[in-house]
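Since the structure comes first, as structure tokens, the remarks are kept for the end.
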Amino acid sequence: MTAIKDIINWLASPAIAVTLSMVGLVGAMFCKPLWTKKGGILLFATLIGGFAFSFTDPNFRIVASMPDNVPILGMLFLVGFFFWYAMYQAHLNDARLAKGLPPLEKEDSDKKVFTWPDLVYVELISLIVCSIVMILWSIVLKAPLEEPANPGAAPNPAKAPWYFLGLQELLVYFDPWMAGVVLPTLIIVGLMAIPYIDTNPRGNGYFSFRERKWEIVMFCFGFIILWVVLIILGTFLRGPNWNFFGPYEYWDPNKLVPLNNVSVSEIFWVKWLKTALPAFWLKRELPGILLVLFYMGALPGLLSKTLFKRFYEKMGTVRYVVGVNLFLIMLAVPIKMYLRWIFNLKYIVNIQEFSFNI
Amino acid sequence: MNLEKSWRRLQQQVVETQVWKSIFRVGIPNTNRKRVLAVLGNVVLHLHPVKTRKSGVKMRYTWCAGGMTFFLFLVLTFTGLLLMFYYRPTIEYAYGDMLDLREQVPFGIMREMHRWGAHAMVITVWIHMFRVFMTGSYKPPREFNWNVGVVLLVLTLLLSFTGYLLPWDQLAIWAITVGSNMARATPLAGYEGPFAAQIAFNGVNLVTAGSDARFGLLGGRIVGANALLRFYVLHCVFIPLIAAFLMAVHFWRVRKDGGISGPL
Ligand code: HEM
């Protein structure tokens with residue numbers, strides 16, 4: 001029993017959990033048998049079984065049953081269910097499309113029904129169901145209220161509201177100006193840009209996977225991995241001092257984690273060239289600056305001639321440049337995480353003089 | 001048999017009174033003409049078109065996730081209003097009012113409904129966005145409405161965030177402290193942010209802890225009385241007004257963009 005728990009604790013550590021969920025998500029999306037009723041039952045049973053098992057563990061129970069964590073558990077199941085449901089319907093349609101039939105929605109979309117009663121009744125029923133759920137939930141579970149506010153006594157860990165914990169998790173890898181300002185802004189800009197970047201006219205108005213594979217994979221990567229998985233990590237697996245704790249580990253405030261992170265400039269000048277760090281910031285940080293310039297400036301051009309040639313030709317220059325830059329920035333998040341996990345890399349560019357650290 | 005007959009008669013009589021007719025102009029919508037008029041004549045229902053694509057009314061397609069989000073918004077508006085009867089946004093009273101809400105107010109589940117409803121709304125709005133994405137409903141001609149949606153998503157999160165402070169307990173102020181510390185690092189505008197220290201005039205820094213973005217948000221250097229008042233006003237008046245307006249735009253555009261999406 002403890003052996004299993006130790007393995008799970010180890011699997012849940014950020015580097016492994018993020019890798020597993022990335023590979024798992026993308027792999028699963030291309031694994032057709034999962035997106036059938038049987039596959040759904042299997043996924044659901046695994047999730048429920050995992051929880052049932054975990055709830056026997058006292059340490060897990062403490063964290064999972066904090067009142068404000070209950071909605072997150074709910075979210076986990078709902079997002080899981082709807083993810084399966086969307087993919088299930090997409091595959092039903094894909095099978096039809098492969099045979100030259102129109103998608104399922106087509107049968108209905110040509111017919112029109114009167115808003116009264118058809119739509120009004122659906123709305124009324126949803127409304128009643130929703131009210132009942134809300135009332136029951138409110139009776140069963142008291143809203144949390146902790147000790148009165150005390151500006152002098154910070155709790156450990158101090159956590160943002162749960163829906164921002166993905167961003168708080170990014171603080172481990174990025175400075176606040178990136179994790180708290182630039183990246184959220186780019187998430188919003190990126191979401192808004194989607195309809196203008198994606199010029200694929202197919203798959204409009206029905207579920208389908210095969211007609212828009214890469215759009216869906218990319219969106220789900222952002223939504224499931226960079227948003228939901230990081231929230232779960234931040235909520236359930238980050239304890240005192242924002243240290244990592246496995247799901248069955250006790251949140252020990254005295255846990256010590258050695259921190260010896262280095263920056264690109266240190267690796268380049270001190271480790272490779274065996275000299276002291278140059279005094280002038282531009283010279284000191286040149287290697288890192290060049291890396292960033294290459295990634296953001298040159299890579300899009302290179303990709304347009306090679307890997308993304310097809311996209312470049314289809315999308316045109318403006319769409320391509322905006323789209324690829326947003327894509328690269330999204331990808332930079334896991335890249336920076338891996339650089340930390342593998343090389344203990346702290347900053348790529350570290351200009352303390354201007355508080356400008358990437 | 002007789003009972004049913006008299007029930008019918010009673011119904012008939014009620015429907016024919018002047019009071020009833022003055023409220024429900026068209027009577028029971030049992031003909032197509034009356035069904036049309038029922039939707040057109042009602043200020044809430046006329047946000048809908050008179051006829052809808054059959055695929056658009058199916059739960060299978062929309063999951064009613066957008067509808068749920070809107071309904072939760074209404075629940076939150078209503079319970080929030082009730083909470084405003086009891087709650088005073090000052091550091092002397094706020095926490096005590098929370099305790100009173102829990103212990104003194106009969107049927108005291110308003111706070112629960114409001115808090116759980118807020119969490120639920122955040123979840124349903126994500127699921128709605130996910131549904132819209134997975135059905136490709138952001139594609140032309142619905143690009144603009146997707147953008148209205150993104151703003152609504154941000155407003156939903158901000159509503160939830162500003163409300164988080166109001167109970168004035170440890171959970172509240174520290175969550176908001178962690179969240180608002182980010183503003184301190186805004187490039188140029190936050191005093192710990194990139195290049196902020198370089199904005200100086202005659203050697204005097206212009207962006208300081210007493211004048212930066214975080215100070216503007218909180219009305220002070222720490223999460224204190226001013227922050228509470230600011231968040232209260234943002235939470236109860238400012239953001240809901242904008243959100244309600246944008247929801248009206250959102251629904252209107254669903255209609256004007258050709259109703260719920262469907263295969264062409
Ligand atoms: C407060 C938040 C929101 C509310 C109350 C809301 C409400 C609704 C409702 C009631 C519909 C009708 C169909 C349905 O129920 O699915 C709808 C459709 C739509 N929503 Fe939202 N929504 C919100 C946020 C969003 C977000 C975050 C997005 C996307 C980023 C979005 C994009 C759309 C689009 C494109 C449609 C048209 C879908 C179609 O034609 O199939 N909305 N919304």
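The values are calculated or read from the model by the stated rules, or taken from the named source; none is laboratory data. A quick note: this is a predicted structure, and the numbers were derived from the prediction, not measured. When we count neighbours, we look across all protein chains shown, and the Cβ atoms used for this are built from the backbone with ideal geometry, even at glycine. These area figures cover heavy atoms from the full protein model, side chains too; ligands, DNA and RNA do not enter into them. Shrake-Rupley method; radii C 1.70, N 1.55, O 1.52, S 1.80 Å.
Would you mind checking A:32/A:111; A:5/A:255; A:99/B:58; A:5/A:213 for any pair whose Cα atoms are more than 29 angstrom apart?
In this structure, A:32/A:111; A:5/A:213 lie more than 29 Å apart at Cα.
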Subtracting the Cα-Cα distance of residue A:133 and residue A:92 from 0.36 nm times their residue separation yields 11.7 nm
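Give me a single rounded figure for A:50-63: the average over its residues of other chain Cβ atoms within 10 Å of their Cβ. Kindly include the intermediate steps, with their values, before the conclusion.
Values: counts 0, 0, 0, 0, 0, 0, 0, 0, 0, 0, 0, 0, 0, 0.
So the per-residue partner count for this stretch is 0.
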For chain A, compute Rh as the Kirkwood radius over C-alpha pairs and then the Stokes-Einstein diffusion coefficient at 4 °C and 1.567 mPa s; write the answer in µm²/s, rounded to an integer. 54 µm²/s
In whole percents, the bins of 10 Å from zero upward hold the Cα-Cα pairs of region A:262-357 as 15, 38, 28, 16, 3
Using a probe radius of 1.4 Å on heavy atoms only, what accessible surface per residue do you get for the protein assembly as shown? Whole Å² is fine. 50 Å²
Points 7 angstrom from Cα along the Cβ direction at residue A:77 and residue A:290: gap in nanometres? 5.6 nm
Theoretical FRET efficiency, 1/(1+(r/R0)^6), r = Cβ-Cβ of residue A:309 and residue A:217, R0 22 Å, to 0.05: 0.70
How much length is gained if the chain between residue B:252 and residue B:198 is pulled fully straight, taking 0.36 nm per residue apart and subtracting their Cα-Cα distance, in nm to one decimal? 14.7 nm
Compute the FRET efficiency between residue A:277 and residue A:10 as 1/(1 + (r/R0)^6), taking r as their Cβ-Cβ distance and R0 = 35 Å, and round to the nearest 0.05. 0.45
Take every Cα pair under 8 Å in region A:262-357 that's 6+ residues apart, average their separations, divide by the length, and report that relative contact order as a whole percent. 41 percent
Once you have all Cα-Cα distances for region A:262-312, histogram them in 5 Å bins from zero and send the whole-percent values. 5, 20, 20, 15, 11, 10, 10, 7, 3, 0
Relative contact order for chain B using alpha-carbon pairs under 8 Å, separation at least 6, rounded to a whole percent? 18 percent
For the pair residue B:15 and residue A:172, the simple spin-label estimate (label points 7 Å beyond Cα toward Cβ) gives in nm 6.5 nm
Would you mind calculating the relative contact order of chain A from Cα pairs under 8 angstrom and at least 6 residues apart, reporting the percent as a whole number? 23 percent
Roughly how many Å² of residue A:210 are accessible to a 1.4 Å probe, to the nearest 10? 120 Å²
Given the options A:133, A:182, A:264, state which has the largest fluctuation in a GNM of chain A using a 10 Å cut-off (strictly under) for Cα springs. A:133
Cβ-Cβ FRET estimate between residue A:107 and residue B:86, R0 fixed at 56 Å, reported to 0.05: 0.60
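Averaged across B:220-226, how many Cβ atoms of other chains sit within 10 Å of each residue's Cβ atom?
1
Where does the protein assembly as shown land on Rg(C-alpha)/(2.2 N^0.38 Å)?
1.07
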Semi-axes (Å, rounded, descending) of the ellipsoid equivalent to region B:1-51 per its C-alpha gyration tensor are 26, 13, 7
Within the accessible area of region B:122-264 (1.4 Å probe), percent carbon and sulfur: 71 percent
